[in-house]
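In what follows, a single structure is set out as structure tokens and then discussed.
The values are calculated or read from the model by the stated rules, or taken from the named source; none is laboratory data. Given the structure is predicted, the values throughout are model-derived calculations rather than measurements. For neighbour counting, all protein chains shown are included, and Cβ atoms are generated from backbone atoms with ideal geometry for every residue, glycine included.
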Amino acid sequence: MSELRWDAAESWPVTKTEDLHRDGWVVALRADWINRPEHLDEEPFRRLVIEHPGAAVVLALDEDERALVITQYRHPAKRRFVELPAGLIDYPGEDPLDVAVRELREEVAHEAAEWTPLLSTYATPGITEEIHHFFLARGLTATDRDGFELEHEEAEMTIHWVPFEELLEAVLSGRATDSPVVQAVLAYDALKSRGRV
């Protein structure tokens, strides 16, 4: 048995790349043919890659430990989910905290005085490079959306305050199943129990 190495950057040789779908939207689909390192004499094998810029997710809690959540319809899953304010990184190198601040304002018309990083996770690394950066927001105050107009599915969002313990129980019982919600809630609960937030 080899010694465990924690997650680390690594890149295998790519012999060919083919765009399967690319347009003006934020995601693209490509096929890469790769080799195992030190096995360049083997036939390259194909892997599909969804290009995605990543996102920031906000667990916003008020002084009464209530979470600010939204409900939103998601067409691929054909389901309305309880979600947290979140949004895409708009350009390479954009600071995820700036994204979190923007999305809290645009989606739920709030701003926060205190920001704490919770964790960062790769969504599905077997098929995409998408990474989610999670933040805890406290010291909340209502504000305007700074001219941002909700449209499409966002125009049908609803906004709710829910006690954190109720949200945690919804995650544990399977009533709240959006992956970023589950990760943020469990991370906050674990960090809080260790006195780290």
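Summary table
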| quantity | calculated |
| --- | --- |
| Conditions (1) surrounded by 12 or more Cβ atoms within 10 Å (Cβ to Cβ); (2) without any contact (Cβ under 8 Å) to a residue 60 or more places away in the chain; number of the one not met by PRO163 | (2) |
| Residue match in segment 136-147 (condition: part of a strand (DSSP E or B), over 13 Å from the mean Cα position of the chain (by Cα) and at positive phi) | yes |
| Residues of segment 38-92 satisfying the condition of being within 23 Å of PHE164 (Cβ to Cβ) and acidic (Asp, Glu) | ASP62, GLU63, ASP64, GLU65, GLU83 |
| Residue tally, condition exposed (fewer than 14 other Cβ atoms within 10 Å of the Cβ) and part of a strand (DSSP E or B), over segment 72-84 | 2 |
| Verdict on VAL185 being in contact (Cβ under 8 Å) with a residue 12 or more places away in the chain, assigned by TED's automatic domain parsing to the domain that holds SER120 and in a helix (DSSP H, G or I) | yes |
| Test set (1) under 22 Å from GLU103 (Cα atoms); (2) assigned by TED's automatic domain parsing to the domain that holds ASP189 - LYS78 fails condition number | (1) |
| Segment 85-129, residues that are crowded, with 16+ Cβ neighbours inside 10 Å and part of a helix (DSSP H, G or I) | PRO96, VAL99, ALA100, VAL101, ARG102, GLU103, LEU104, ARG105, GLU106, GLU107, VAL108 |
| Residue tally, condition part of a loop (DSSP other than H, G, I, E, B) and either among the hydroxyl-bearing types (Ser, Thr, Tyr) or surrounded by fewer than 16 Cβ atoms within 10 Å (Cβ to Cβ) (or both), over segment 45-68 | 3 |
| Meets criteria (in contact with a Lys or Arg (Cβ under 7 Å, 6 or more places away or on another chain) and part of a loop (DSSP other than H, G, I, E, B)) for ARG175 | no |
| Subset of segment 148-160 that is aliphatic (A, V, I, L, M) and part of a loop (DSSP other than H, G, I, E, B) - its residue that is surrounded by the most Cβ atoms within 10 Å (Cβ to Cβ) | MET157 |
| Filtered residue count, segment 90-129, keeping only those that are acidic (Asp, Glu), more than 30 Å from TRP12 (Cβ to Cβ) and under 13 Å from the mean Cα position of the chain (by Cα) | 1 |
